[in-house]
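One structure is given below, encoded as structure tokens.
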Amino acid sequence: MYIGIIGSGAMGSGIAQVAATAGHEVILFDNRQEALEQARENLRKILDKLVEKGRLSSEEAASILGRHTFASEMQALEPCVLVIEAIVEDLDVKKSVFRQLESIVARDAILATNTSSLSIASIAASCDHPERVIGLHFFNPAPVMKLVEIIPALQTDPALPGKLQQWMTEWGKYPVVAKDTPGFIVNRIARSFYSESIRLLEEGLGTMEEIDTALKEVGGFRMGPFELMDFIGHDVNYAVTESVWTACYFEPRYQPSFTQRRLVDAGWLGRKSGRGFYDYRHTSTSESPIKPVDSEKQRRLAERVIVMLINEAADALYYQIASRDDIDQAMTLGVNYPKGLLRWADEWGIATCESRMNRLFNNYHDPRYRCSPLLRSLAQNGERFYPEENI
Ligand code: NAI
């Protein structure tokens, strides 16, 4: 069975490796020959490393590489039963690629997009047979990250999400289903991790070292928000925030900040440019400077960010963006959160979460701090997200 991938950049080449490792013949198409050569070279290095570490035998590595075809013409995708597009994040370019693709593949081939932020419905609308179009959102690096968000558009055949769920499971992934809304699950809920931390910094409630330490030591996150934004790159992180905010009709919870905007303006993009929130020019790039912080302050800083994340997760459930279990799995598997946010809410107590949100709202009178209706009603009824579990 042939799987087609369009775009051999960071995501496309990773997804190709996943599909080939699952035993499929993969046709990787890119319109730049250099990109294909680079992808082939990178794959060879990755496979060599896996062999060195004993994770693959050299025969397995050779057959994974052998199942890749690198193609510079889209026509090569003709035999594919599933094509996953991972090209530049530009709606017009994606639409034109989907139109062209439809004229090449079989009538029943499934056409998926790896877009992080565009509407699946508008990509599907460019096709004659929109019912076969779906979002299939992998996380970077695709061979390592378990999560895949499956996003049916309004037009998608209702049988398709289930079929892809089964397929992704066979590829060793953990699929979750999300509504076609800005940021899907992960990129929507994760916004608060960054934006609330920046608020704390802007209000002078903590330094970035203190906030990073608090979220790691109290929250159990692998990286603090400022370290993580520096790692992702402010150009990328700011663009996602702005895109989710704009697409959600300027929802105040997703509002971008001048603090991050100015970093982008200055070209201080994070680790990749040597400087972002932290200055990496004179320190080792493998560690950022962290100073000890008093524990009561750490707790307050971390709790404010975490309750905003919980509120966001509750709202995603309330608006039926995804199921309870999918929301919790998405945040642990897509961005390595230490635990599911809805389970976290149960552990803290729903009434505690509600009162923390109310306290923030009463203090700021800013709609970004409004409590999710779901959190409020659970608190009023003494209910939990996981009533079947004893905590
Ligand atoms: P990239 O810039 O690394 O790779 C894009 C590749 O597409 C390039 O090799 C380019 O030559 C090729 N390309 C561009 N236009 C083309 C066309 N018309 N026909 C054929 N090939 C074409 O980009 P990256 O990071 O791999 O992202 C690809 C997609 O995946 C985007 O939609 C992005 O939003 C999404 N995505 C990115 C993630 C990330 O962390 N980088 C995570 C999840 C989704």
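The values are calculated or read from the model by the stated rules, or taken from the named source; none is laboratory data. The structure displayed is predicted, hence computed values, not measured ones. All Cβ positions, glycine included, derive from the backbone under ideal geometry; neighbour counts span all protein chains shown. In case anyone asks, the SASA skips ligands and DNA or RNA and just uses the protein heavy atoms, side chains included. Shrake-Rupley method; radii C 1.70, N 1.55, O 1.52, S 1.80 Å.
Quick check, is residue 44 basic (Lys, Arg) and not in a helix (DSSP H, G or I)? Walk me through it before giving the result.
On the way: basic (Lys, Arg): yes; not in a helix (DSSP H, G or I): no.
Taking the combined requirement at face value, the residue does not satisfy it.
Each row is one residue, and each column tells you yes or no for (1) in contact with a strand residue (DSSP E or B) (Cβ under 7 Å, 6 or more places away or on another chain); (2) surrounded by fewer than 20 Cβ atoms within 10 Å (Cβ to Cβ); (3) within 20 Å of residue 116 (Cβ to Cβ).
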{"site": "7", "(1), (2), (3)": "yes, no, yes"}
{"site": "40", "(1), (2), (3)": "yes, yes, no"}
{"site": "46", "(1), (2), (3)": "no, yes, no"}
{"site": "59", "(1), (2), (3)": "no, yes, no"}
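When each of 128, 108, 92 is tested for being surrounded by fewer than 21 Cβ atoms within 10 Å (Cβ to Cβ) and in a helix (DSSP H, G or I), the lone residue that passes is 92. Of all the residues in the range 365-391, those that are under 21 Å from residue 196 (Cα atoms), open to solvent by 70 Å² or more (accessible area, probe 1.4 Å) and part of a helix (DSSP H, G or I) number 1. Going by the structure shown, is residue 31 outside any helix (DSSP H, G or I), open to solvent by 50 Å² or more (accessible area, probe 1.4 Å) and among the polar types (S, T, N, Q)? Here the answer is yes, as residue 31 does meet what is asked.
Hey, does the range 52-75 have a residue that's more than 12 Å from the ligand (Cβ to nearest atom), closer than 22 Å to residue 124 by Cα and in the same structural domain as residue 173 (by TED's automatic domain parsing)?
Going residue by residue through the range 52-75, those that are more than 12 Å from the ligand (Cβ to nearest atom) are 52-69, 75.
Now drop any that are not closer than 22 Å to residue 124 by Cα, which leaves 75.
Now drop any that are not in the same structural domain as residue 173 (by TED's automatic domain parsing), which leaves 75.
So far as the range 52-75 goes, yes, one or more of its residues are more than 12 Å from the ligand (Cβ to nearest atom), closer than 22 Å to residue 124 by Cα and in the same structural domain as residue 173 (by TED's automatic domain parsing).
Of all positions in the range 224-235, at least one carries a residue that is open to solvent by less than 10 Å² (accessible area, probe 1.4 Å), closer than 22 Å to residue 273 by Cβ, within 15 Å of the chain's Cα centre (by Cα) and of a type in the set (A, V, I, L, M).
Are any of the residues in the range 327-335 assigned by TED's automatic domain parsing to the domain that holds residue 305, surrounded by 22 or more Cβ atoms within 10 Å (Cβ to Cβ) and free of Cβ contacts under 8 Å to residues at least 60 places away in the same chain? Explain how you work it out, then say what you get.
Here is the first cut: in the range 327-335, the ones assigned by TED's automatic domain parsing to the domain that holds residue 305 are 327-335.
With surrounded by 22 or more Cβ atoms within 10 Å (Cβ to Cβ) added as a condition, the list becomes 327-328, 330-331, 334.
Then keep just the ones that are free of Cβ contacts under 8 Å to residues at least 60 places away in the same chain; that gives 328.
Yes.
Might you let me know whether the range 78-88 holds any residue that is free of Cβ contacts under 8 Å to residues at least 60 places away in the same chain, surrounded by fewer than 22 Cβ atoms within 10 Å (Cβ to Cβ) and more than 18 Å from residue 145 (Cβ to Cβ)? So far as the range 78-88 goes, yes, one or more of its residues are free of Cβ contacts under 8 Å to residues at least 60 places away in the same chain, surrounded by fewer than 22 Cβ atoms within 10 Å (Cβ to Cβ) and more than 18 Å from residue 145 (Cβ to Cβ).
If you go through the range 345-363 and keep only what is of a type outside the set (D, E, K, R) and either open to solvent by 70 Å² or more (accessible area, probe 1.4 Å) or in contact with a strand residue (DSSP E or B) (Cβ under 6 Å, 6 or more places away or on another chain) (or both), you end up with 361, 362, 363. For the range 127-141, the criterion of being touching a Lys or Arg at 6+ places or on another chain (Cβ under 8 Å), farther than 16 Å from residue 19 by Cα and outside the structural domain of residue 232 (by TED's automatic domain parsing) is met by at least one residue.
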